[in-house]
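The values are calculated or read from the model by the stated rules, or taken from the named source; none is laboratory data. Predicted model only: the values in this text are computed from it and were never measured. Neighbour counts are summed over all protein chains in view; Cβ atoms, including those assigned to glycine, are modelled from backbone coordinates with ideal geometry. The area values use the complete protein model at the heavy-atom level, side chains included, leaving out ligands, DNA and RNA. Shrake-Rupley method; radii C 1.70, N 1.55, O 1.52, S 1.80 Å.
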Amino acid sequence: MSGPDAAAPSTSLAGHHSRRQPLAAVGSGPIGAQAGLARGDKAGLAHVLRRCSFGPRPGEVESFGALTPADLVEELLEDEGNNALSAADAAARYADDDLEPEEEWLRALLVQMMQGQHRLHERMTWLWHTHFTSSLDKASLAMMFQQHHRIRRNALGNFRTLATELTTDAAMLVWLDGDGSTGDAPNENYAREFLELFVLGRDQGYSEDDIRVAARVFSGWYVDWESGEVTFNEEAHYTRPLTFMGTRRRWDAESLIAHICGLPECHRHVARTLHRWFIGGDPADAFIDELAEVFADADLEIKPLVAAILRSDEFHAAHMTRVRQPVEWLCVTLQALGITDLEDAEIWPWTLEALGQMPFLPPNVAGWPDDDRWSSASQVVARASIVLDLELPESTHDRVAPTVDAVLARCGLYDVSETTRRALAHAESDFGEFDRRLELLFALALTSPEFALT
Amino acid sequence: MLGISATAAGCGGSSWATTSPDTSTSATSGTDPSVDNPAPTDGSAAGAPTPTGGAVTAAAPIAGRNLVVVELQGGNDSLAMLQPVGSGRLHDVRPDQVIDDEELAAIRDGLGWQPALAGLVGTGVAAVMGIGSDDPSFSHFEMEQRWWRGEPGVGRERTTGFLGRLCDQLDDGSPVTGISLSGGPTPALLSDKAVTVGLSDPWGGWFLQEKDSWLDGYRSGLAEMASPMSGAERDALGADVRIARNERARAGISNTLRFADSLAGINPENNDTYPYGALAEQLSLASQMLDADAGLRVVHVGLGGFDTHSGQSWRHPQLMTELNDALVAFIADLDTRGLRESTLIMTTSEFGRRVPSNDGGTDHGAAGTSLLCGPVNPGFYGEMPSLSSLDDGNLTATMRFDDYYATVAEKWFGIPAAEVLAPNAEALDGIIV
């Protein structure tokens, strides 16, 4: 039996045969080199859906029953469609800038995540928002939606295009102080975060001078706060030649970004970022280099990079190695319970605020951290409070038997520990009343350790 | 003795009417606001009993000490809180916000207080002035992050919060070492090992206490799911990272249950001696939690609304009144519970505000004054920034906030500043009793 430690040669998307070790961190144990290849492997299918969408949706794993997880990946990748943003769009049109508790937009966004047809696209749209951050703290809701549209359009498109469009995006200009930045006395905030967080990573060979140069190049843009319209003022822009990381040229935003996107540091940074999202843990340098090459060869098209990651052994072996962040947790919880009317269920902006993750309001420019705080006591208290307040729809009572297996499947959990299974089994056997038994099983499943992970 | 004490319980509001000094004249009701901040060695200056019987003269031993952090959210205009007396400059540049000298309370050493704070000042307050940051930013966000992390500079090195790091040092395995009651988890309490919890409202976690057979079933199921992992389970998971994630998730649940046990009996509605308001609500819960003696050492509470870009002349005094009344009630409550000598109260705010006023309010500023209450030597510490040499209308800080933090870490908790802050953070002497 070939275990995960065998350096089996594999063909990457770029056609390279590599002898790299599968990700050491997830190497040992029953999930190994054969992961992804078992037909009807529910745990494996659920893993793909967890990482590539906001699911699994109830019944989805069963509906994909004949596939291997690797097949499912191919199906998700084959889907060329982009989800349009319709309901949220309408909400944005009549919303004012104040974040009223009754705002429809948040619910519309959550519904989009839960019901959007094109799963991978929806996931990437959200992930880019956590990367190229902007916030309602400074930008208006209309501006944030405009940015959201840009991200949506480019989520599985071209990274260079995405980075360029966002550099002159109203919400981004306002958020990172590019608005009104002049060539003579440029504001450095955007340039710094662009290089450090968005595109190259920290300490990747650029200096403070380079940051200042980038700031000059990005200058000259103005945002009209009323309309959200962005204009470029040639006079306010810096036009003389500048040297950026050793290259001297008369730059503009577009040419500078193109240059930066041509650097191997950029390719590795984006590869690392997507690796963290889809696999987690510490990637082997060789793997990152390989992914970076795929990305570069694809001229920074995002989809080939995603495909290379999703087709790797590392991906299929990485079950339950990451924590579930609040927005995702809430989406899967609502779907498991069969709740579709979010207003009725009283899902408010402060529901997400209590969970610590409010879309369009990242805690800072670095976005939301990806660590064990999302399974800490604070989070348990917040999540349990929400779950216990939700009402189980009649239809769910009809569809789901009050048994451990039915409830776990409904929650997309096909591989839970003995401990969790035993706890649920006790609830099933000790709790007499039919209706309340189902609620108890759900409450426990949705606050179980496994449900907190992905 | 006037004021809040156990004997005055139940007369919360009215007892303050008699002790808060009249803003027009002094010494109308037994407290003489011009003789404030009595010298600590006397305990209580003759003829000027403070509402709680004088400033604290001796702190409790380090082992039992607590910290309550009151975050003034939005950027407190500390010049409107503690104002230099006789400043023509202030009259010139903020005529609509400056407080007339005759109205200032507890004037001493050329400084006077917003009159609404007289009650609090009477309990013994150490004002630490000129606190700011290197390269101040005028973004709430950026500055809040710096204060939470305890990093005055521009870099983003740490993933823990200053309060979280204090909790890591104070952690003795108790169910919860630090808690935030001000609207959910605060980044300030992010720790490496100590358990810290954020409750989004005082009633968060109700399900942990309520008596109900269904909830019993839920709680026992939770407890079971949080059981330690068996060897077989460990083998089934295989990879270290998977095991670690699962164990941390189980720990999250078991910590929740231990937290619930330790604070059984806390009643969010137990606040007869407190005024109405969100801050008072948080503080009344805080005192019960500290009194439960369950290992809780740090409590974070918050008061919002300080971002007074407009309407400042009525908003700010209102906030000061709320702060005063809530803290005075809290201090009295601590006194009743025998916790006054062991509880230090500190305020924080992401920045002060610009010196010149603008359109009925003030813009984001730089340096500000923070307050320490409880076992402190009342008085003024640090250096009030110059009003004549402003930096584009802003005060220039005369100390970094990590020196303020270092004072709390070292002088209050006996934790060397370098354990929780940058190596050059320096504690101030003489403030902590």
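Figures for the structure shown
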quantity	calculated
Dipole magnitude of the protein assembly as shown, debye to nearest 20 (Cβ charges: Lys/Arg +1, Asp/Glu -1, about Cα centre)	2060 debye
Debye intensity ratio in log₁₀ form over the Cα atoms of the stretch B:165-322, taken at each q of 0.21 Å⁻¹	-1.37
Debye log10 I(q)/I(0) for the stretch B:331-374, one point scatterer per Cα, at q = 0.25, 0.26, 0.27 Å⁻¹	-0.83, -0.86, -0.90
Helix A:141-154 vs. chain A, principal-axis angle (Cα, 0 to 90°, nearest 10)	80 degrees
Two-decimal Rg/Rh across the stretch B:258-308, once Rg and the Kirkwood Rh are taken from alpha-carbon atoms	1.03
The stretch B:251-352, accessible area per residue, ligands and nucleic acids excluded (1.4 Å, Å²)	33 Å²
q = 0.12, 0.17, 0.26 Å⁻¹, the stretch A:341-416: log10 I(q)/I(0) [Debye, one scatterer per Cα]	-0.49, -0.91, -1.22
Mean projected area in nm² (Cα convex hull; one quarter of hull surface) for the stretch A:286-435	12.2 nm²
Accessible surface, per residue, of the stretch B:372-433 when the full set of protein chains is kept, probe 1.4 Å, Å²	37 Å²
Helix-only [θ]222 nm of chain A, DSSP H runs n ≥ 4, -39500 (n - 2.57) each, per residue, nearest 500	-14500 deg cm²/dmol
Chain A - accessible surface per residue (Å², probe 1.4 Å)	38 Å²
Dipole magnitude of the stretch A:264-386 about its Cα centre (Cβ charges: Lys, Arg +1; Asp, Glu -1), debye to nearest 20	300 debye
Accessible carbon and sulfur surface of chain A relative to its total accessible area, %, 1.4 Å	47 percent
Charge-dipole axis of the stretch A:173-329 as Lys and Arg at +1 and Asp and Glu at -1 on Cβ define it, positive-most pick from A:Thr247, A:Ala307, A:Val327	A:Ala307
Sparse-neighbourhood loop sites, chymotrypsin sites (Phe, Trp or Tyr not before Pro) in the stretch B:123-224 - DSSP loop, at most 14 other Cβ within 10 angstrom	B:Trp203
B:Ala60/B:Glu157 FRET efficiency (R0 30 Å; Cβ-Cβ; nearest 0.05)	0.35
Longest exposed-site-free window of chain A, the sites being GluC sites (Glu not before Pro) in a DSSP loop that have at most 14 other C-beta atoms within 10 Å	A:103-225
Extreme residue, positive dipole direction of chain A, given options A:Ala296, A:Val48, A:Val407 (C-beta unit charges)	A:Ala296
Estimated dipole of chain A in Debye, rounded to 20 [Cβ of Lys and Arg +1, of Asp and Glu -1, Cα centre]	1420 debye
GluC sites (Glu not before Pro) within the stretch B:112-204, DSSP loop, no more than 12 other Cβ atoms inside 10 Å	B:Glu157
Cα gyration tensor shape for the stretch A:92-212, rounded if a/c is under 1.5, else prolate or oblate	oblate
Crossing angle, helix B:140-149 versus chain B [Cα axis fit, 0-90 degrees, rounded to tens]	60 degrees
Where Rh is the Kirkwood radius over Cα pairs, Rg/Rh for the stretch A:104-153	0.95
Prolate/oblate/rounded label for the protein assembly as shown (Cα gyration tensor, a/c 1.5)	oblate
Whole-percent pair-distance distribution, where bins are 10 Å wide, for the alpha carbons of the stretch B:94-252	8, 20, 26, 23, 12, 7, 3, 0
P(r), alpha carbons of the stretch A:392-440 - 5 Å bins starting at zero, rounded %	5, 21, 33, 25, 13, 4, 0
Reachable lysines, given that their alpha-carbon falls under 30 Å from the alpha-carbon of A:Lys42 and they are not under 8 places away in the same chain	A:Lys303
Summed buried accessible area for B+A [probe radius 1.4 Å, Å², rounded to 100]	4100 Å²
Interface residues in the stretch B:204-245 - accessible area drops by 40 Å² or more relative to the isolated chain, probe 1.4 Å	B:Trp206, B:Phe207, B:Trp214, B:Tyr218, B:Glu224, B:Met225, B:Glu233, B:Val241, B:Arg242, B:Arg245
Cα-based shape type of chain B, given that a ≥ b ≥ c are square roots of the gyration tensor eigenvalues and the cut on a/c is 1.5	prolate
Value of D in µm² per second that Stokes-Einstein yields for the stretch B:280-383, Kirkwood Rh from Cα pairs, at 10 °C (1.306 mPa s)	103 µm²/s
Interface residues, the stretch A:403-431 - accessible area loss of 40 Å² or more versus chain alone, probe 1.4 Å	A:Thr419, A:Ala423, A:Phe431
Degrees, to the nearest 10: B:278-291 long Cα axis against longest axis of chain B	60 degrees
Rg/Rh for chain A, where both radii come from Cα atoms and Rh is the Kirkwood radius	0.99
In nm, spacing of pseudo-spin labels at B:Asp429 and B:Asn270 (7 Å Cα→C-beta vector)	4.2 nm
